[in-house]
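Step one of this worksheet: look at the structure below.
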Amino acid sequence: TGGTISINSSAVSGGGVYNAGNFIMSGGEISANTAASNGGAIYNEDGTVYIYGDTLIGKEVSSAPTSYSSASNYAKKGGAICVNGGTVYLGYKNNNGTAQKDDSANVRIMGNAVKTSDSKGGAIYVEAGTLQIAKTCIGFNYSPYSGAGIYTKGSVRLLEDAVVKGNNAFNQGGG
């Protein structure tokens, strides 16, 4: 429970975490990570991710960064999280292999960005796979192109108590 993943970088994907199996985080912080390509904080390739409890991915802010240089986590696609297959559960815990909503979760994905003029998914980029969200705030993230909050080619399920707010895209899709 808890912990910090910070000040890491990757020349390709998964600045903080590269997951192709199972990754579970209950509380803690993932911040100040960078990836040259995908997933500044977390890159999920055909694995399963559970993030719940009191977890911050990024940094607490009250407005979106105006460039990647002032963001917490950043990459070209998915400043915080890039999903390339598999499933990412935000606000859910693993109950013997089944996703169970964590009613006390307080997951925040804030202050993240993508870095080039054609970048997508300031907070989250879903290339393939599924993103399921509950008890989570995706707020105040930045993209110079599109999808400052969430950019998806895959499947996204927003469930109760999920908030997407205050994200800023220069071109298309602020939320």
Selected residue [of a type in the set (S, T, N, Q) and under 14 Å from the mean Cα position of the chain (by Cα)] from N141, N96:
N141
With respect to the numbered conditions (1) basic (K, R); (2) at pLDDT below 95; (3) within 21 Å of T130 (Cα to Cα), which one is the sole condition not fulfilled by K101?
(2)
Pairs with Cβ under 9 Å, 6+ apart, first in the stretch 57-69 and free of Cβ contacts under 8 Å to residues at least 12 places away in the same chain, second not in a strand (DSSP E or B)
S69/K115
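Matching residues to (1) of a type outside the set (A, V, I, L, M); (2) open to solvent by 60 Å² or more (accessible area, probe 1.4 Å); (3) out of contact with any Phe, Trp or Tyr (no Cβ under 9 Å at 6 or more places or on another chain):
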{"residue": "I5", "(1), (2), (3)": "no, no, yes"}
{"residue": "N19", "(1), (2), (3)": "yes, no, no"}
{"residue": "T34", "(1), (2), (3)": "yes, no, no"}
{"residue": "A75", "(1), (2), (3)": "no, no, no"}
{"residue": "V83", "(1), (2), (3)": "no, no, no"}
{"residue": "Y92", "(1), (2), (3)": "yes, no, no"}
{"residue": "V107", "(1), (2), (3)": "no, no, no"}
Can you name the condition, by its number, that S62 falls short on among (1) assigned to a loop (DSSP other than H, G, I, E, B); (2) crowded, with 17+ Cβ neighbours inside 10 Å?
(2)
Scan of the stretch 109-129 for residues that are out of contact with any Lys or Arg (no Cβ under 7 Å at 6 or more places or on another chain) and either open to solvent by less than 30 Å² (accessible area, probe 1.4 Å) or not small (G, A, S) (or both), ordered by number:
I109, N112, A113, D118, G122, A123, I124, G129
When the stretch 143-164 is checked residue by residue, the ones that are in contact with a Ser or Thr (Cβ under 7 Å, 6 or more places away or on another chain), assigned to a strand (DSSP E or B) and buried (at least 21 other Cβ atoms within 10 Å of the Cβ) are S143
Starting from the stretch 136-163, keep only residues that are among the basic types (K, R), then list their pairs with residues that are in a strand (DSSP E or B) and crowded, with 19+ Cβ neighbours inside 10 Å whose Cβ atoms are within a distance under 9 Å, requiring at least 6 positions of separation or different chains.
K153/Y125; K153/V126; K153/E127; R157/L131; R157/Q132; R157/I133
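Name the residues in the stretch 51-72 that are among the hydroxyl-bearing types (S, T, Y) and more than 14 Å from G3 (Cα to Cα), would you? Outline the logic, then answer.
Initially, the stretch 51-72 is screened for residues among the hydroxyl-bearing types (S, T, Y), giving 52, 55, 62-63, 66-70, 72.
Hits for the stretch 51-72 are S62, S63, T66, S67, Y68, S69, S70, S72.
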Scope the stretch 115-142; condition assigned to a loop (DSSP other than H, G, I, E, B) and of a type outside the set (A, V, I, L, M, F, W, C); matching residues
K115, T116, S117, D118, S119, G121, G122, K135, N141
Looking at G97, G47, which one is open to solvent by 40 Å² or more (accessible area, probe 1.4 Å), without any contact (Cβ under 8 Å) to a residue 40 or more places away in the chain and not hydrophobic (A, V, I, L, M, F, W, C)?
G97
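The values are calculated or read from the model by the stated rules, or taken from the named source; none is laboratory data. Because the structure is a prediction, the values reported are computed rather than measured. Glycine gets a Cβ as well: all are built from the backbone with ideal geometry, and neighbour counts include every protein chain shown. Side chains included, ligands, DNA and RNA excluded: accessible areas come from the protein's heavy atoms. Shrake-Rupley method; radii C 1.70, N 1.55, O 1.52, S 1.80 Å.
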